[in-house]
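Read the structure below first, then the notes.
The values are calculated or read from the model by the stated rules, or taken from the named source; none is laboratory data. Note that this is a predicted model, so its numbers are computed, not measured. All Cβ positions, even for glycine, are placed from backbone atoms using ideal geometry, and neighbour counts span all protein chains on display. For accessibility, only protein heavy atoms count, side chains too; no ligands or nucleic acids. Shrake-Rupley method; radii C 1.70, N 1.55, O 1.52, S 1.80 Å.
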Amino acid sequence: MTEKSKRRCSFCGRTENEAGMLISGMSGYICTSCVEQAHEILREENLLAKSDFELKELPKPQEIKAFLDNYVIGQDEAKRVLAVSVYNHYKRLMQHDSGDDVEIEKSNIIMVGSTGTGKTLLARTIARLLKVPFTIVDATVLTEAGYVGEDIESLLTRLLQAADYDVEAAERGIVFIDEIDKIARKGDNPSITRDVSGEGVQQGLLKLLEGSVVNVPPQGGRKHPEQKMIPVNTRNILFICGGAFDGIEKKIAQRLNTHVVGYNSVQNNMNIDKNDLMKYVLPQDLRSFGLIPEIVGRLPILTFLKPLDRTALRNILTEPKNSIIKQYIKLMEMDGITLTFDDDALEYIVDKALEYKLGARGLRSIVESIMMDKMFEMPSTEKKSCSITKEYADAQFSKCTPEGLS
């Protein structure tokens with residue numbers, strides 16, 4: 001008799017050959033199946049420690065917006081829409097046992113706005129407030145199953161990882177799909193050939209957005225084909241999609257002009273703000289851009305983010321709790337160095353961001369290029385203070401080429 005056939009689980013009596021693996025203790029063994037059953041019993045009896053992602057109290061929409069105001073400058077319209085949508089979504093989860101026949105469906109969200117306006121930051125900040133699992137996925141790497149790229153299910157794999165593989169917590173999480181506009185189909189007509197990274201991905205996303213049980217590979221699908229799949233129900237996962245939709249203003253302008261007939265149309269045209277057409281975006285504009293009707297229907301909440309003006313960019317530099325300038329001041333403070341920026345230097349940074357149309361994300365690139373030499377030299381010197389002037393900022397930024405900024 002082999003050693004494996006001698007050892008038995010002290011709970012179910014199966015040998016190591018039958019159980020596959022036994023965990024040894026002081027005077028006995030337990031198999032992995034009995035460990036899983038014990039965990040399930042403890043969870044049902046509420047004896048396990050609460051998850052870090054336990055949603056204990058749901059903040060009201062005004063409280064959500066007030067929290068967003070601490071981290072995101074401007075974009076009040078988008079904040080209000082997000083606050084109400086997220087509140088209704090999690091209220092639906094916490095109060096679903098109402099006893100009547102009314103079933104409230106989830107409302108996924110799509111945000112339209114140029115790069116650097118705060119789409120990703122808004123989604124990440126809401127997840128931080130609610131303490132729910134959150135992941136960001138770039139839609140550009142997704143392809144249909146069987147093609148080079150990532151499977152659609154990889155969205156949920158990353159959410160599981162963010163939830164420490166707590167499936168129940170992951171099923172209450174938020175997935176932010178960035179660059180959703182990059183999977184738009186190439187023409188207005190349905191594709192007659194395989195569009196595996198465009199329309200094909202949109203078709204694959206339908207079951208996730210709608211709500212279904214998806215078998216998710218915990219380590220990714222193609223590299224570990226032998227792994228055990230984890231079933232995840234997407235019915236209560238909130239999907240927030242974001243995209244720049246570069247050029248959608250032309251689609252909006254065409255739509256607004258198609259209804260121009262008679263004298264009243266001249267008055268209507270006068271009321272249109274031609275400098276900010278994004279505020280008039282409608283679902284049909286997303287269809288014209290290349291999103292299939294089924295995807296648009298599963299993203300019922302549509303909001304827009306305004307391009308950042310000079311005042312907004314200036315406030316973003318210094319006002320939020322984790323503003324760019326405060327981050328660099330903190331970094332230098334760790335070395336015992338007091339860092340200050342002159343007002344002229346801050347205005348110079350904003351000018352460059354506007355000049356190169358970099359948005360809020362570009363502000364960090366500019367500050368980084370200005371601060372690089374100081375951050376390299378100062379920790380090795382005895383100086384305990386550092387002041388950034390406009391002249392110094394100009395000299396440092398001039399060393400960089402616009403092509404080097406991201």
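Couple of notes before you dig in:
- Tabulated pairs, region 303-316, first in contact (Cβ under 8 Å) with a residue 24 or more places away in the chain and part of a helix (DSSP H, G or I), second open to solvent by 30 Å² or more (accessible area, probe 1.4 Å) and small (Gly, Ala, Ser), C-beta under 9 angstrom, 6+ apart or interchain: Ala312/Gly74; Asn315/Gly74; Ile316/Gly74
- Scope region 190-221; condition aliphatic (A, V, I, L, M) and modelled with pLDDT under 80; matching residues: Ile192, Val196
- Taken over region 293-318, the criterion of being modelled with pLDDT under 90 and either closer than 19 Å to Ile183 by Cα or of a type in the set (Asp, Glu) (or both) is satisfied by Asp309 alone.
- Within region 109-144, if we keep just the residues that are in a loop (DSSP other than H, G, I, E, B) and of a type in the set (Gly, Ala, Ser), the residue that is farthest from Gly247 (Cα to Cα) turns out to be Gly118.
- The one condition in (1) closer than 30 Å to Leu209 by Cβ; (2) open to solvent by less than 30 Å² (accessible area, probe 1.4 Å); (3) touching a Lys or Arg at 6+ places or on another chain (Cβ under 6 Å); (4) not acidic (Asp, Glu) that Leu286 fails to fulfil: (3)
- Taken over region 332-346, the residue count meeting the criterion of being surrounded by 15 or more Cβ atoms within 10 Å (Cβ to Cβ), over 30 Å from the mean Cα position of the chain (by Cα) and not in a loop (DSSP other than H, G, I, E, B) is 3.
- Filter pass, Asp373 being farther than 23 Å from Tyr71 by Cβ, open to solvent by 80 Å² or more (accessible area, probe 1.4 Å) and part of a helix (DSSP H, G or I): no
- In region 113-132, the residues that are within 10 Å of Leu68 (Cβ to Cβ) reach residues that are assigned to a loop (DSSP other than H, G, I, E, B) and of a type in the set (Ser, Thr, Tyr) with C-beta atoms within less than 8 angstrom, at least six apart or across chains, in these pairs: Leu121/Tyr71; Thr125/Tyr71.
- Among residues of region 55-78 that are on the phi > 0 side of the Ramachandran plot, those with a Cβ under 6 angstrom from a residue that is surrounded by 14 or more Cβ atoms within 10 Å (Cβ to Cβ), sequence gap 6+ or separate chain, pair up as Gly74/Ala312; Gln75/Gly118; Gln75/Leu305.
- Hits in region 347-370 - residues which are open to solvent by less than 40 Å² (accessible area, probe 1.4 Å) and free of Cβ contacts under 8 Å to residues at least 12 places away in the same chain: none
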